[in-house]
Amino acid sequence: MNLLPFGKLAAHRPRTFVPQHLDLGDWPQIAPLFDQLERRAAEANSVAALERWLLDWSELNAALDEESSRRYIAMTCHTDNADAEKAYLHFVEHVEPQLKPRQFALEKIYVAHPQFNHLPKARFEVFNRDVKNHVALFRPENVALETEDAKLCQQYQKLIGAQTVNFRGEEKTLVQMGRYLEEPDRALRQEAWELVAKRRLQDADKCEEIFDELVKLRAQIAENAGFKNYRDFMFRKMGRFDYTPADCEKFHDAIEKEIVPAVREIQQDRQRQLKLEKLRPWDLAVDPHNRAPLKPFAAVGEMVSRTQKVFNHLDPELAAGFQQMQDLKLLDLDNRKGKAPGGYQSTLSEARVPFIFMNAIGVQRDVETILHEAGHAFHAQATRDEDLYAYRGAPIEFCEVASMSMELLGNEFLEEFYPTTEANRARKTNLEGIIGFFPWMAVVDGFQHWVHTHPGHTSAERKAAYLQLMDRFGGDVDYSGYEEARAYSWHRQLHIFLYPFYYVEYGIAQLGALQVWANSRRDKVKALADYKKALALGGSRPLPELFSAAGCKFEFDAATIRPLIQLAGNELRKL
């Protein structure tokens, strides 16, 4: 039974090393390929031979990565399907733990290889730096712990994916309930918000239990690798060679100084326009003039066709890329019960094509999400002809420039979804969302810094630390009577559970995207050409060079933030 929207996909390059009909979920069939690579490394007595060996290793990595992605996609599309869950967990429990030590063995062989230092430096500088980093961090005893981590993360996804409420006689997912927060009827909004908040709190203890286990596991992983805490371990593991935890803390300070006042100003305008004494949590998504919610489309197919038209206006090459995704059925976009929350783009690494997953319900946020994930997809398509597997992906900080820039560039053509007045309203919503995102990013990032540098903390101490951050960055929203919902609101942020420390990248990248947008205001053709040129580099250059290729500065201090927030503010006043 095929649980994927797409079927068998042809490899972008025919396999020359991995057998065509190998079962990539069966470790005894995979292991001999690693044996071959280990043996052949000793025979690679020239630079050309070592480069050929690297390409065969890349081919194996891509095939395994695609197998993992297919199982993950099936599981997230059908969290309530036992076969999909079993297949995913089989790979996590029986393939990945075997894979990690064998990959480590090849990495050790590679960095010690006599030809290692003779490879062309410009070509292999970043790859070699990253492999040396992996070798330095790998600990065999962490393999089992990382498997337990993945299983706990899957428990969290299953827990959240099963959350539904009964609203006025109908079962709704929590994602579907989001549309009611845009309704002009305030009593309706409050009813919807309270129902969702109450439902989330029913699972609060279970979320806390899962997270307590994750924190303990992650602290042990860091200790095993010789780090005093998990934060410092993760900065190294994630290859953050170009910034430090101290830089992140300065970023938080700059957000507090430059952006929080802008958010408070937006909130005060909203409160005044809605004629409210205080803003409550159910007042944040409704149109401040009490107009009916924006309805960009009625059905998912309509969203896809209108998005295609946006890309047709923007760039023929990007438009062709999005059309290819439709032709190959590489989209699963509708919200339904049993589907994991959120949205993502996953690359099928052997076919070298992108897949987009999201939960569309017919709101403006869906338009932003499809543009965002399409940006990631365009990044994957731009690197299709790069044969070194590691270079087909870029650092997350730049991957998110690809996606966030596409939101802003695509916004120019929102008339494909709305009349001009409503398109401007959508643009305003998007820009306000970008400004409002930075303080939440600082909360999520700051919270993770605190959690993973305070080993042995209690749930109560964690709650207090989170609330302190919410007080610092949370703006002027009154949660009176809903203090518990506020205190555990981080449970909905899946990155904290699934992708620890993966969130500040969004803030860094958003500054890059705002710079791409600012460049586009001056010269559309050059800004888009620079954007595409940078995407095509994949991960082959260090992070500051990727930003530079896109016409951006890799800086996230107050001096960089100020003019970008001023530009966004000026644009908001026009809209």
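Working only within segment 209-243, note down all residues that are without any contact (Cβ under 8 Å) to a residue 60 or more places away in the chain, over 15 Å from Gly507 (Cβ atoms) and assigned to a loop (DSSP other than H, G, I, E, B). Scanning segment 209-243 gives Gly226, Phe227, Lys228. Comparison of Ala485, Ala426, Ala442 shows that the only residue that is part of a helix (DSSP H, G or I), more than 30 Å from Gly569 (Cα to Cα) and either touching a Lys or Arg at 6+ places or on another chain (Cβ under 8 Å) or among the hydrophobic types (A, V, I, L, M, F, W, C) (or both) is Ala485. Would you pick out the residues in segment 75-92 that are small (Gly, Ala, Ser) and surrounded by fewer than 21 Cβ atoms within 10 Å (Cβ to Cβ)? Residues satisfying the conditions are Ala82, Ala87. Restricting attention to segment 143-193, the residues being within 30 Å of Asp287 (Cα to Cα), part of a helix (DSSP H, G or I) and in contact (Cβ under 8 Å) with a residue 40 or more places away in the chain number 14. When you scan segment 206-219, do you find a residue that is of a type in the set (Lys, Arg), surrounded by 15 or more Cβ atoms within 10 Å (Cβ to Cβ) and more than 22 Å from Arg462 (Cβ to Cβ), even just one? No, segment 206-219 contains no residue that is of a type in the set (Lys, Arg), surrounded by 15 or more Cβ atoms within 10 Å (Cβ to Cβ) and more than 22 Å from Arg462 (Cβ to Cβ).
Please determine whether any residue of segment 307-327 is assigned to a loop (DSSP other than H, G, I, E, B), surrounded by 17 or more Cβ atoms within 10 Å (Cβ to Cβ), touching a residue at least 24 places away in the same chain (Cβ under 8 Å) and touching a strand residue (DSSP E or B) at 6+ places or on another chain (Cβ under 7 Å). No, every residue in segment 307-327 fails to be assigned to a loop (DSSP other than H, G, I, E, B), surrounded by 17 or more Cβ atoms within 10 Å (Cβ to Cβ), touching a residue at least 24 places away in the same chain (Cβ under 8 Å) and touching a strand residue (DSSP E or B) at 6+ places or on another chain (Cβ under 7 Å). Candidates Ala298, Ala262: the one that is assigned to a loop (DSSP other than H, G, I, E, B) and within 30 Å of Asn359 (Cβ to Cβ) is Ala298.
For every residue, the table says whether it meets (1) part of a loop (DSSP other than H, G, I, E, B); (2) of a type in the set (Val, Ile, Thr); (3) within 15 Å of the chain's Cα centre (by Cα); (4) surrounded by fewer than 24 Cβ atoms within 10 Å (Cβ to Cβ).
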site: Asp332; (1), (2), (3), (4): no, no, no, yes
site: Lys339; (1), (2), (3), (4): yes, no, no, yes
site: Glu368; (1), (2), (3), (4): no, no, yes, yes
site: His376; (1), (2), (3), (4): no, no, yes, yes
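Inspect all residues belonging to segment 486-494 and state whether any of them is within 19 Å of Met238 (Cα to Cα) and hydrophobic (A, V, I, L, M, F, W, C). Within segment 486-494 (the criterion being within 19 Å of Met238 (Cα to Cα) and hydrophobic (A, V, I, L, M, F, W, C)), the answer is yes, since at least one residue qualifies.
You will find that of Ala402, Ala394, the residue that is within 25 Å of Gln566 (Cα to Cα), out of contact with any strand residue (DSSP E or B) (no Cβ under 7 Å at 6 or more places or on another chain) and buried (at least 22 other Cβ atoms within 10 Å of the Cβ) is Ala402 and no other. Just so you know, in segment 496-548 the residues that are among the aromatic types (Phe, Trp, Tyr), within 20 Å of the chain's Cα centre (by Cα) and part of a helix (DSSP H, G or I) include one that is surrounded by the most Cβ atoms within 10 Å (Cβ to Cβ), and it is Tyr531.
If we keep just the residues of segment 387-397 that are within 19 Å of the chain's Cα centre (by Cα) and in a helix (DSSP H, G or I), which is modelled with the lowest pLDDT?
To start, the set of residues in segment 387-397 that are within 19 Å of the chain's Cα centre (by Cα) comprises 390-397.
Those left that are additionally in a helix (DSSP H, G or I): 390-392, 396-397.
Working: Ala390: 97, Tyr391: 98, Arg392: 97, Ile396: 91, Glu397: 95.
That would be Ile396.
Against the conditions (1) crowded, with 18+ Cβ neighbours inside 10 Å; (2) at pLDDT below 95; (3) among the polar types (S, T, N, Q), Asn290 satisfies every one except (1). Within segment 373-386, none of the residues are β-branched (Val, Ile, Thr), modelled with pLDDT of 95 or more and farther than 30 Å from Glu545 by Cβ.
Assess whether Asn359 counts as being in contact with a Leu (Cβ under 9 Å, 6 or more places away or on another chain) and under 27 Å from Tyr180 (Cα atoms). When the stated conditions are applied, Asn359 passes them. Condition test on Leu181, is it in contact with a Lys or Arg (Cβ under 6 Å, 6 or more places away or on another chain) and farther than 30 Å from Phe227 by Cα? When the stated conditions are applied, Leu181 passes them.
Residue by residue, here is whether (1) closer than 23 Å to Gly433 by Cα; (2) touching a residue at least 40 places away in the same chain (Cβ under 8 Å) holds:
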{"residue": "Ile496", "(1), (2)": "yes, yes"}
{"residue": "Gln510", "(1), (2)": "yes, yes"}
{"residue": "Asp523", "(1), (2)": "no, no"}
{"residue": "Ala529", "(1), (2)": "no, no"}
{"residue": "Ala536", "(1), (2)": "no, yes"}
{"residue": "Glu545", "(1), (2)": "no, no"}
{"residue": "Phe556", "(1), (2)": "yes, yes"}
{"residue": "Ile565", "(1), (2)": "yes, yes"}
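The single condition among (1) small (Gly, Ala, Ser); (2) within 22 Å of Arg427 (Cβ to Cβ); (3) crowded, with 17+ Cβ neighbours inside 10 Å that Gly569 does not satisfy is (3).
The values are calculated or read from the model by the stated rules, or taken from the named source; none is laboratory data. Remember, predicted model here, so these are calculated numbers, not experimental data. Cβ sites come from the backbone with ideal geometry, for glycine too, and all protein chains shown count toward neighbours.
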